[in-house]
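To start, the structure under review is shown below, and the notes come after it.
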Amino acid sequence: VTSRNSRIDKNWKPVYGERAVVKELYNACEIELAKTGSRKRMVLDVRAYNEGVAFRYRFVGGEYLKIENEFTQFTLPKGTLAWHTERAQTPYNLLPLEGWENESDRPLMLQLPEGQYACLAEAQVVDYVRTKFKLSDEKPYTLLTSMYGIVEDIAPYHTPWRIVMCASRPGDILANNDLLLNLNPDCKIADTSWIKPGKVFRSGDLKQERVKAAIDFAAERGIQYVQMDAGWYGPEMKMSSDATTVSPDKDLDIPALCQYAESKGIGLMVYVNQRALVQQLDTLLPLYKKWGLKGIKFGFVQIGNQRWSTWLHDAVRKCGEYGLMVDIHDEYRPTGFSRTYPNLMTQEGIGGNEEMPDALHNTILPYTRFLAGAADYTLCYFNGRVKNTKAHQLAMAAVYYSPLQFMFWYDRPEFYKGEEELEFWKAIPSVWDDSRALDGEIGEYIVQARRSGNDWFVGAMTNTEARTVTLTTDFLEPGKKYLLHLYEDDDKLNTRTKVRSTHKKIKAGDKLVLKLKASGGAALHFTPLK
C-alpha cells in the first residue's frame with residue numbers, strides 16, 4: 001500500500017448556478033492497493049471537504065473490467081432514521097434502518113439519533129449503473145450499495161464518487177450541495193455564450209396560431225422560452241415516428257415559429273421521446289440547429305444500466321456540439337454533470353406537479369431530491385388538481401432550483417386574468433448569485449432566500465399544517481432600505497386566487513411575521529431603494 005497526498009484551494013465560476021462563485025477546497029489522498037505478485041492495481045481516491053468526504057475506486061492498468069457487485073457499505077448509529085423513497089419520482093417515508101420492503105434511491109437524507117443530519121449521495125455517474133441503497137441482512141443499521149446491473153469497461157476507469165455530508169441543520173446540507181459539482185471535471189464547452197437559463201412555458205396546443213399565442217404570452221409575462229410538447233412529430237411511443245418532420249395532422253412550420261419567437265426575444269424548444277433520439281440523434285441535431293431551435297426536452301429516457309447511462313451523457317455532449325440545451329425527464333436525477341456540460345440545464349427525477357403531490361411532499365423535497373441539484377418540478381398555477389394554495393405555488397419559484405424553470409404547467413395563455421401576484425413569477429429569474437436556506441425542517445417547512453444582482457427573492461412553504469414563521473431579513477445588505485413585494489394567502493379576498501399583495505418599505509434586519517395557511521406559503525421580492 002502506498003499513498004500520495006495533495007490539496008486544492010480555489011474558487012470557480014459556473015456558467016450559471018445557485019451561486020455566482022463556488023468554493024472548491026479539499027485535502028486529497030490517493031491510496032494505491034495491489035495484490036502481492038499481481039500487476040493489477042486499484043487506487044482508492046479520497047477527498048475531505050469542509051462539507052463532507054468523498055471516495056471512489058480507480059483502476060489504473062489496461063485490464064478488462066467486469067464489476068458484478070460493489071461492496072461499499074455505510075453503518076449508522078442505532079436509532080438513525082432515513083427519508084426513504086423507492087424511486088426518483090415516488091413519495092418519501094421516514095423509516096428506521098430496518099424492515100425495508102424496497103431499496104431507497106439517492107441522495108438519502110438521514111436523521112441521526114443525537115439530532116444531527118447526514119446525507120449519502122453520489123457524483124459523476126456518467127458511464128456506470130444506477131445504484132440505490134438496501135439494508136444488510138447481516139449487519140444491523142447498515143446500508144449496502146445495490147447495483148442495477150453489471151459494469152464492463154477497460155481500465156483506466158473509475159467508479160462514481162460516494163459522498164457523505166453532515167450538518168447540524170438540514171438546510172446546511174442543502175447550502176453545501178455544490179459538493180456534487182466539485183466532484184465533476186471543469187466545463188468542457190469552450191464557448192458557453194449560447195447557454196442561457198430562463199423560464200419556460202409549455203405549449204400543448206400544437207397548432208401554428210396556438211404556439212404563436214404561447215410565444216406572445218411568454219414575451220408578455222417575462223418568460224424566455226416556449227416548448228412544443230409531445231406529439232408534434234407523431235405518436236411519441238411509436239418507433240416509426242419521425243422527429244425530422246412535422247406530423248401530417250399538424251399545421252406547424254417550425255422554422256417560421258423559430259423566427260417569430262426570435263422577433264419577440266423568445267427561444268423555441270421541442271420535446272422528443274428517446275425512441276426517436278436513439279434512432280435519429282445524429283440527424284436531428286444539425287436539423288434542429290438549422291431550424292433555429294434552442295433546446296430539446298428528452299422524454300421517457302431509459303436509465304439504470306451502463307449502456308443507457310453512457311448513451312444519455314453522450315447525447316448531452318452531442319447536443320452541446322450543436323448549441324442545443326437539454327432537459328432530461330423521467331427517472332434521471334443529477335450527479336453534477338452540468339458542471340462539465342452545462343448545456344444539461346435541468347432534469348426531472350422528482351415527484352413534481354405532474355403527480356400533483358401535497359404540501360408534505362413539497363416540504364421534503366428541498367432536503368432530499370434538491371441535494372442532488374436542479375429539478376424540473378413543472379410548476380402549476382391555475383390547474384384545479386393542485387392540492388396546495390396559490391401562494392405555496394408562487395413560492396416554489398424561489399425554493400425550487402431549475403435553470404430551465406417550467407411555469408404555468410397545464411395552463412393556457414387565456415387562463416391568466418391579470419392577477420397581481422403573478423408579478424412575482426414575472427420578475428424572478430431561474431439562476432442565482434447567492435442562495436441561502438434560512439430556516440426549516442424536513443417535511444415541515446422551508447424558507448429559502450436567493451439573490452440575483454441586488455434583488456432578493458424569498459419563498460416560504462409549509463406542509464399540511466398552518467404555522468407562523470418569523471423571518472429576520474439580515475441577509476439583506478446592512479444599512480440599506482428595500483421595497484418589499486409580499487404575496488400571501490388570504491381566504492377573505494373576493495378573488496379567484498385569494499392571494500393578497502402588499503408593498504411596503506423595510507430596512508435590512510427588520511423582522512417579518514409570516515402566517516402560513518395549511519398547505520400554503522408566501523413569496524417575497526426585495527428591491528433596493530435609492
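Key figures for this structure:
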quantity	calculated
Selection status of ASN11, open to solvent by 80 Å² or more (accessible area, probe 1.4 Å), assigned to a strand (DSSP E or B) and touching a residue at least 12 places away in the same chain (Cβ under 8 Å)	yes
Any hit, the stretch 66-87, residues being open to solvent by less than 40 Å² (accessible area, probe 1.4 Å), closer than 27 Å to GLY171 by Cα, part of a loop (DSSP other than H, G, I, E, B) and not hydroxyl-bearing (Ser, Thr, Tyr)	yes
Criterion (at negative phi, part of a strand (DSSP E or B) and hydrophobic (A, V, I, L, M, F, W, C)) met by exactly one of VAL126, VAL46	VAL46
Complete set of residues in the stretch 341-373 that are in contact (Cβ under 8 Å) with a residue 60 or more places away in the chain, in a loop (DSSP other than H, G, I, E, B), touching a Cys at 6+ places or on another chain (Cβ under 9 Å) and more than 16 Å from LEU404 (Cβ to Cβ)	THR368
Count of residues meeting criterion [within 12 Å of LEU81 (Cβ to Cβ), open to solvent by less than 10 Å² (accessible area, probe 1.4 Å) and either free of Cβ contacts under 8 Å to residues at least 24 places away in the same chain or touching a helix residue (DSSP H, G or I) at 6+ places or on another chain (Cβ under 6 Å) (or both)] in the stretch 103-137	1
Tally, over the stretch 132-166, of residues that are closer than 23 Å to ALA28 by Cβ and under 21 Å from the mean Cα position of the chain (by Cα)	7
In the stretch 272-292, the residues that are more than 26 Å from TYR148 (Cβ to Cβ) and either touching a residue at least 60 places away in the same chain (Cβ under 8 Å) or open to solvent by 10 Å² or more (accessible area, probe 1.4 Å) (or both)	GLN280, ASP282, THR283, PRO286, LEU287, LYS289, LYS290, TRP291, GLY292
Subset of the stretch 499-530 (residues that are in contact with an Asp or Glu (Cβ under 6 Å, 6 or more places away or on another chain), under 20 Å from GLY384 (Cα atoms) and open to solvent by less than 70 Å² (accessible area, probe 1.4 Å))	VAL499, ALA518, GLY520, ALA522
Scope the stretch 34-50; condition surrounded by 10 or more Cβ atoms within 10 Å (Cβ to Cβ) and modelled with pLDDT under 95; matching residues	ALA34, LYS40, ARG41, MET42
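The values are calculated or read from the model by the stated rules, or taken from the named source; none is laboratory data. Please read all numbers here as calculations on a predicted model, not as lab measurements. A quick note on method: Cβ atoms are made from the backbone with ideal geometry, for glycine too, and the neighbour counts reach across all protein chains shown. We work out accessible area using only protein heavy atoms, side chains counted, and drop any ligands, DNA or RNA first. Shrake-Rupley method; radii C 1.70, N 1.55, O 1.52, S 1.80 Å.
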